[in-house]
Amino acid sequence: MALGTGWVVDWVRASAEVVKEHRTELVRLDREIGDGDHGENLDRGFSAVVAKLDGIEADATPGAVLKLVATTLISTVGGASGPLLGTAYLKGAGAAGAATELDADALVAVLTAARDGVVLRGKAESGDKTMVDAWTPAVDAAAAARDAGGSEAEVLAAAADAAEAGAAATEPWVARKGRASYLGERAIGHRDPGAQSSSLILRAAADTAAAQTAAATEG
Ligand code: ADP
Ligand code: MG
């Protein structure tokens, strides 16, 4: 089932909830290899986004909502992750274009553009121990699920699974970008906070898509 603006709004609300729920964990991860503000940065940003959701036009497209998320995160999150995630949503909005619904192809295009935006902005490569290590496996898995004929919810579930595995895989690595890169070998044994938060956000995308699909089947 193609996903419309209602799903994007649900996804954003669910992202805000999951970020709030995992705030302490994200702070702890960032305290271990950064400056300890990641959970607060994201919680502040997504709370600001939620506050703006009620004001969106009734006929807003998915792309318009993604753009609102982008501009709000850029202006409220601060830190490295604000501009990076903001660029992800901005590029994702561009890929969504004026479409009123996102099918599996469009979702892959949105996720790919989002990842490309993070890379363009932050210049991190896979293996640098950043959020890219959640996004790139997610994009690859989403494309594979789409190629295998997966539904929109299945494409997003594949992305979320891969992002979780990607975030976990950062634990034994040395960081080559961001604050954690100043730590050298002391970053070993700690999961990258940005990869973890991105995997939470992508899981929220999959869960809300599954819920919408289930509701449509029942109704
Ligand atoms: P700050 O590092 O400014 O305190 P946050 O704590 O909010 O910002 O975010 C830290 C996260 O940002 C890191 O865990 C990492 O995933 C991500 N990050 C930092 N630099 C880059 C980069 N150049 N490219 C991609 N992601 C990055
Ligand atoms: Mg930080």
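Couple of notes before you dig in:
- 0 to 90° range, to nearest 10: angle between helix 132-147 axis and the chain longest Cα axis: 30 degrees
- Over segment 96-219, relative contact order from alpha-carbon pairs under 8 Å, at least 6 apart, %: 27 percent
- Helix axis angle, 193-218 relative to the chain longest principal axis, alpha carbon, degrees: 20 degrees
- Nonpolar atom fraction for segment 1-153, defined as the carbon and sulfur part of the 1.4 Å probe accessible area, stands at 53 percent.
- Estimated from helices alone, the mean residue ellipticity of the chain at 222 nm is -23500 deg cm²/dmol (sum of -39500 (n - 2.57) over DSSP H runs with n ≥ 4, per residue).
- Probe 1.4 Å - accessible area at K67, Å² to nearest ten: 110 Å²
- Remark: segment 80-89, residue by residue, has Karplus-estimated 3J(HN,Hα) of 6, 6, x, x, 5, 5, x, 5, 4, 5 Hz, where x stands for each Gly or Pro and the curve is 6.51 cos²θ - 1.76 cosθ + 1.60 at θ = phi - 60°.
- Across the chain, Cα pairs under 8 Å and at least six residues apart give a relative contact order of 23 percent.
- Max mean-square fluctuation residue, GNM over the chain, Cα-Cα springs under 10 Å, options A60, A113, A142: A60
- Ligands, DNA and RNA are left out, and with a 1.4 angstrom probe the accessible area of segment 3-218 is 42 Å² per residue.
- With all protein chains modelled, accessible area of R176 [1.4 Å, Å²]: 140 Å²
- A 1.4 Å probe, protein heavy atoms only, puts the accessible area of D116 near 70 Å².
- Among G149, G94, G178, residue whose mean-square fluctuation peaks in a GNM of the chain (springs only between Cα atoms under 10 Å): G149
- Ranked order, T170, T213, T136 - accessible area, probe 1.4 Å, largest first: T213, T136, T170
- Ranking of E25, E154 by solvent-accessible surface, largest first: E154, E25 (1.4 Å probe, protein heavy atoms only, all chains present).
- Between E57 and A2, residue separation times 0.36 nm minus the direct Cα-Cα distance comes to 17.8 nm.
- Rounded to the nearest 0.05, the FRET efficiency derived from the C-beta distance between V174 and A144 at R0 = 30 Å is 0.55.
- Largest accessible area first, the residues L90, L202 order themselves as L90, L202 under a 1.4 Å probe with ligands, DNA and RNA left out.
- Rounded tilt (10° steps) of 23-33 against the dominant C-alpha axis of the chain: 40 degrees
- Taking the centroid of alpha carbons for each part, segment 131-168 and segment 186-217 are 10 Å apart.
- Cross-link partners of K67 among lysines (Cα-Cα below 23 Å; sequence separation of 8 or more within a chain): K20, K52, K91, K123
The values are calculated or read from the model by the stated rules, or taken from the named source; none is laboratory data. Note that the coordinates shown come from a computational prediction; the quantities given were computed from them, not determined experimentally. Cβ: placed from backbone, ideal geometry, glycine included. Neighbour counts: every protein chain shown. Areas reflect the complete protein model, heavy atoms only, side chains present, ligands, DNA and RNA absent. Shrake-Rupley method; radii C 1.70, N 1.55, O 1.52, S 1.80 Å.
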